[in-house]
Amino acid sequence: MKEFNDFIWETHGIHAGTEQDHVKHGIDRLEDIVDKAIEANHPSISFIIHSPRLTNFRYIAERDTNVKFIRGNQSYLNYPKRIANLREKYDGKINIKYGVELEWMGSDLGLQWSRSKIFQAEDADFVIGSVHFAPEGLPYDGSIEEAQELLKIRGSLENYWDGYFNEMIEMIEAFGDMIQVIGHIDLPKLNVEMPESLIHFETSSHPLANKFRTLLEIIADRNLALDVNMAGKFKGVGVYPTQNILKRAYKLQIPVCVGTDTHHVKYYGLNFKESLEYIYQAGYQQYVSYSKLIPEKRTIFDDHDLKVKYTILNKGIELLNQRFHDNRRRIIPDFSFGGSFTEFLDIYNNSIGMGGYNAIRIRKSDKSITITNETPIAEKYKVKGLFSEHLDKPGVISSLFNTLASEGINVETARLKSNNDGTAVAFLTIKGENENIENAIDFIGGTSGELFTKLTYKEDADLPNYYNDGVYLLELDGVELKLPLREKVILTKHENAPGVLLILLSALASKNINIVDLRLGNRNRIGYSALAIEGDSNTIRRLLNKLGSQYFEANLIEFHSM
Ligand SMILES: [Zn+2]
Ligand SMILES: [Zn+2]
């Protein structure tokens, strides 16, 4: 039996404080807890803040002190900035994540209010949707007295829970596209009992059991994750959710995230290992965390090799997801595993094998990527093409493609290598007969000779491979590319015709974006390109948006996951 990790990538993590606002709900000095995490050698820490509530949704304690600005509007607005400052201060020391716990306050004003709050935390890593308040204005997680008051209004335990689940379902229907995670799904157990029909919801024919089963299915169908929240254990009512709910979630293939929902520095790290034991008991061997709304997979085990494989997997998931718009990123992809990654076949129930092919393939609707950390084996076959030795600076490759295009020559594949000394080499394979190739070489020699030190065309050359250690994008939609990944990568899917690629290269050259590596591939009329580049992300995104209709897809990929 493998050991469980003693660190967790929390999602519902540490509640960030309210600064100068009146109500205390979370930790004010975020530095204290970051220092504590660094001391413990933790790679990451996750902060979360409640979205501010409407005045009608107040805990008794808040009413008694006449606090109107619930949980701090100002501190909420300052929150992204505070996190940005923290990230700057602790750069290179620890990864800092942050999210929002979005309050459900009904589908009227509450919904518009909450939507507006999402915009104020635009760069959040995740958003958790939580129901803390009944429309009657009473909290589920306030005092026992408040819960008793609500119970009296609703008449029975079943009705009490039924109302809560109705609100959950309503929240998912209204917020479904804005949240990634469902917070503490059985929160009311904090103050009231669970009725028999809910304790045995799997088999009960009571309408409440049916409603709860439906709720879980809605969560599965919407690709939302379930918050496994240790605050319930901390408060003595057991982890949210109960073990049998979690087992059902596992069968429905609902991803889980783990968190301690900590509100005080001194409890940081409490129940980390227990949370992993708890999900393992229900069948889970992994959980998710989030980076910029994209789910990352995490193993529950303290196993170095497995963690390395998860790092590759997460890079792949980020890569594939960044080819989709935000609202489709949450949709869980399908997986294929081969070679050293076959142990994932046991972890992913519906994944499929690729035999000895040492790679991970991740698929979603009509897109797929294949990724590995194995350096590709150098292929040994003869090719015809153009070898270039040139200065390693923006625009050089573009000028080469420009000249070739002007002679009607279409480049089929390209490989680049920076020598890291201001020079670079490239090899371009050329399709068909090319009596014009010598013209092109002459032209380059005559017009931009200072950029190129050597340019030779060979009919029968050994294919240079330029492969180093790294993580490789092997294929895009099944088309071979073999690009070693860098911090910033451009992927395009375009019409495979002369001159089309030149549009992209010229666009990059016009903004002084340097191409560090470039791989091309194609299948019939569809061309693919993968470029490792260096330059300003916003500039790159702006020009990728303007490439025109021959580009079916043009995405800048950046990696945030660790
Ligand atoms: Zn909560
Ligand atoms: Zn919370």
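Heavy-atom accessible area for residue 450, with the other protein chains in place and a 1.4 Å probe, reaches approximately 130 Å².
What length, rounded to one decimal in nm, is gained on full extension from residue 270 through to residue 308, with 0.36 nm per residue of separation minus their alpha-carbon distance?
Values: separation 38, 0.36 × 38 = 13.68 nm, distance 2.58 nm.
Stretched fully, the residue 270-residue 308 segment lengthens by 11.1 nm.
When Rg and Dmax are taken over the Cα atoms of the stretch 414-562, they come to 15.8, 50 Å.
For residue 418, the accessible area of its heavy atoms, probed at 1.4 Å with every protein chain present, is near 20 square angstrom. Across all C-alpha atoms in the stretch 348-466, the radius of gyration and Dmax reach 18.2, 61 Å.
With the convex hull of the Cα atoms taken as the outline of the stretch 272-371, the averaged projected area works out to 6.6 nm².
The value obtained for the stretch 312-385, namely the Cα convex hull volume divided by the number of residues, is 130 Å³ per residue.
For the chain, what percent of Cα pairs sit more than 46 Å apart?
Details: 39496 of 157641 pairs.
The share of Cα pairs beyond 46 Å in the chain comes to 25 percent.
Write down the Kirkwood hydrodynamic radius of the stretch 62-203, to one decimal in angstroms, obtained as one divided by the mean of 1/r over all alpha carbon pairs. Before the final figure, lay out the partial values.
Working: mean 1/r = 0.0588 Å⁻¹.
Evaluated on the stretch 62-203, it is 17.0 Å.
Computed over protein heavy atoms with a 1.4 angstrom probe, the accessible surface ordering of 562, 354, 171, largest first, is 562, 354, 171.
Could you state the orientation-averaged shadow area of the convex hull built on the Cα atoms of the stretch 133-272, in nm² to one decimal? Present the calculation step by step, with values, prior to reporting the outcome.
Details: hull surface 34.4 nm².
Averaged projected hull area, Cα only: 8.6 nm².
Taking 0.36 nm per residue of separation and subtracting the current Cα-Cα distance, fully stretching the chain between residue 550 and residue 342 would add 71.1 nm.
How many Å³ per residue does the convex hull of the Cα positions in the stretch 199-275 occupy? It would help to have the intermediate numbers written out before the result.
Numbers: hull volume 7.6 nm³, N = 77.
Roughly 99 Å³ of hull volume per residue.
Think of the stretch 164-206 as a dipole: +1 on every Lys or Arg Cβ, -1 on every Asp or Glu Cβ, centred on the Cα centre; then among 178, 199, 168, 199 lies furthest on the positive end.
Using R0 = 35 Å, the C-beta based FRET efficiency linking residue 391 and residue 526 works out to 0.60. Residue 63 contributes an accessible area of around 100 Å² to the protein surface, as traced by a 1.4 Å probe with all chains present. Cα centroids of the stretch 395-409 and the stretch 492-562: 16 Å apart.
Of 203, 403, 447, 55, the residue with the largest accessible area leads and the full order is 203, 447, 55, 403 (1.4 Å probe).
In a simple Cβ point-charge model (Lys, Arg +1; Asp, Glu -1; nothing else charged), the chain has a dipole of about 400 debye relative to its Cα centre.
In the stretch 206-359, the ratio of gyration radius to Kirkwood radius, Rg to Rh, stands at 0.98 when only Cα atoms are counted. Simple point charges give the picture: +1 on the Cβ of Lys and Arg, -1 on the Cβ of Asp and Glu, and for the stretch 354-448 a dipole about the Cα centre of about 640 debye.
Taking 10 °C and 1.306 mPa s as the conditions, I'd like the Stokes-Einstein D for the stretch 249-299 in µm²/s, using the Kirkwood hydrodynamic radius from alpha carbon pairs.
Working: Rh = 12.1 Å.
Taking Rh from Cα pairs, D becomes 131 µm²/s.
How much accessible area per residue does the chain have, counting only protein heavy atoms and a probe of 1.4 Å, in square angstrom?
Values: 23700 Å² over 562 residues.
Normalised by residue count, the accessible surface of the chain is 42 Å².
As a ratio to 2.2 N^0.38 Å, the alpha-carbon radius of gyration computed for the stretch 137-199 takes the value 1.16.
Ellipticity at 222 nm from helices only: DSSP H runs of n ≥ 4 in the chain, each -39500 (n - 2.57), divided by the residue count, give -9500 deg cm²/dmol.
Ranking 408, 485, 148 by Cα position along the charge dipole of the chain, where only Lys, Arg, Asp and Glu carry charges on their C-beta atoms, puts 408 farthest toward the positive end.
Cross-link reach is defined here as a Cα-Cα straight distance under 19 Å, omitting same-chain residues fewer than 8 places apart; for residue 235 the aspartates and glutamates meeting it are 10, 141, 145, 146, 186, 193, 227, 261, 274, 277. List the residue ranges in the chain for DSSP H helices whose C-alpha atoms run 20 angstrom or more along the long axis and whose Kyte-Doolittle average is -1.0 or above. For the chain, where a helix must reach 20 Å along its axis and average at least -1.0, the hits are 157-175, 207-221, 304-321. Here the stretch 218-281 has 50 percent of its accessible surface on carbon and sulfur atoms, given a 1.4 Å probe and all protein chains in place.
Ordering 459, 146 from largest to smallest accessible area (1.4 angstrom probe), what's the sequence? Intermediate results must be reported in sequence, preceding the final value.
Working: 459 120, 146 5 Å².
My answer, sorted largest first, is 459, 146.
When the charge dipole of the stretch 193-276 is built from unit charges on Cβ atoms (+1 for Lys and Arg, -1 for Asp and Glu) and taken about the Cα centre, the candidate among 225, 265, 252 whose Cα reaches farthest toward its positive end is 265. The alpha-carbon atoms of the stretch 448-533, seen along their principal axes, cover 38, 31, 30 angstrom, with the largest extent given first. In this Cβ point-charge picture (+1 for Lys and Arg, -1 for Asp and Glu), the stretch 168-258 has a dipole of about 320 debye about its Cα centre.
The values are calculated or read from the model by the stated rules, or taken from the named source; none is laboratory data. Only a predicted model underlies this, so the values are computations on that prediction, with no experimental measurement involved. In this analysis, Cβ positions are derived from the backbone assuming ideal geometry, glycine residues included, and neighbour counts consider all displayed protein chains. Areas reflect the complete protein model, heavy atoms only, side chains present, ligands, DNA and RNA absent. Shrake-Rupley method; radii C 1.70, N 1.55, O 1.52, S 1.80 Å.
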